[in-house]
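The values are calculated or read from the model by the stated rules, or taken from the named source; none is laboratory data. Computed from a predicted model, the values in this text were never measured in an experiment. Here the Cβ positions follow ideal geometry from the backbone for every residue, glycine too, while neighbour counts run over all protein chains shown.
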Amino acid sequence: MVSLRPALIHLTPRQLEAVRAFNKLPEAESLAAANKRVANILRQAAAKGESYNHAVPELLKESAEQDLFKALRGTSERATKLFNAGDFTGCLKSFAVLKTPVDAFFDKVMVMVDDPALRRNRLALLADLRAEMNRVADIARLAA
């Protein structure tokens, strides 16, 4: 994750500014908590030897996981452009739109299901979410 190993230290003040701006958003608390939950799920899955790659849209069964995938894909495209332009605040703020699909995913989708292919794909979706959201900073650290 880029946020955990900044390559250019002179960018750190701008990244901190972005985190402060993100933290003021009404969605920040919920997204930080979800990000922390994702980190815990992925850590537990790794401890059990689970492996996964990027989420495959054809394997998404529930509408809540399909909605999250679509929202993440669209948001990531916008966020990547902002990130590459050095607009870290805009990049982080762009993820605020994911609050509703992330909440719906956790309300309606069981990640650790018995079907290994489905489980791996859901873990991959969460890993994709975490990687995209944490490009500027580890948002989970904002969670209480």
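Which ones in the stretch 73-85 are of a type outside the set (Ser, Thr, Tyr) and over 17 Å from Asp138 (Cα atoms)?
So in the stretch 73-85, the residues of a type outside the set (Ser, Thr, Tyr) come out as 73-74, 77-79, 81-85.
Once the filter is applied, which keeps residues that are of a type outside the set (Ser, Thr, Tyr) and over 17 Å from Asp138 (Cα atoms), the stretch 73-85 yields Arg73, Gly74, Glu77, Arg78, Lys81, Leu82, Asn84, Ala85.
What residue, of Ala79, Ala18, is at pLDDT below 95, small (Gly, Ala, Ser) and under 14 Å from Asn134 (Cβ atoms)? Lay out the reasoning, then the answer.
Values: Ala79 fails: at pLDDT below 95.
It is Ala18.
Considering the stretch 66-76, the residues that are out of contact with any Ser or Thr (no Cβ under 7 Å at 6 or more places or on another chain) and closer than 17 Å to Ala131 by Cα include one that is surrounded by the most Cβ atoms within 10 Å (Cβ to Cβ), namely Leu68. Looking only at residues of the stretch 7-25 that are farther than 14 Å from Gly86 by Cα and without any contact (Cβ under 8 Å) to a residue 12 or more places away in the chain, we find that the one that is surrounded by the most Cβ atoms within 10 Å (Cβ to Cβ) is Arg20. Looking across the stretch 51-64, just one residue is modelled with pLDDT of 95 or more and under 16 Å from Ile41 (Cα atoms), and that is Ala55.
Given the criteria over 15 Å from the mean Cα position of the chain (by Cα), within 23 Å of Ala143 (Cα to Cα) and surrounded by fewer than 17 Cβ atoms within 10 Å (Cβ to Cβ), does Lys61 qualify?
For Lys61, the condition - over 15 Å from the mean Cα position of the chain (by Cα), within 23 Å of Ala143 (Cα to Cα) and surrounded by fewer than 17 Cβ atoms within 10 Å (Cβ to Cβ) - is not met.
Scanning the stretch 53-106 for residues that are under 17 Å from Ala124 (Cα atoms), polar (S, T, N, Q) and touching a residue at least 60 places away in the same chain (Cβ under 8 Å) returns a single hit, Asn53.
Restrict the check to the stretch 41-48 and report whether at least one residue is closer than 23 Å to Met112 by Cα and assigned to a loop (DSSP other than H, G, I, E, B).
yes
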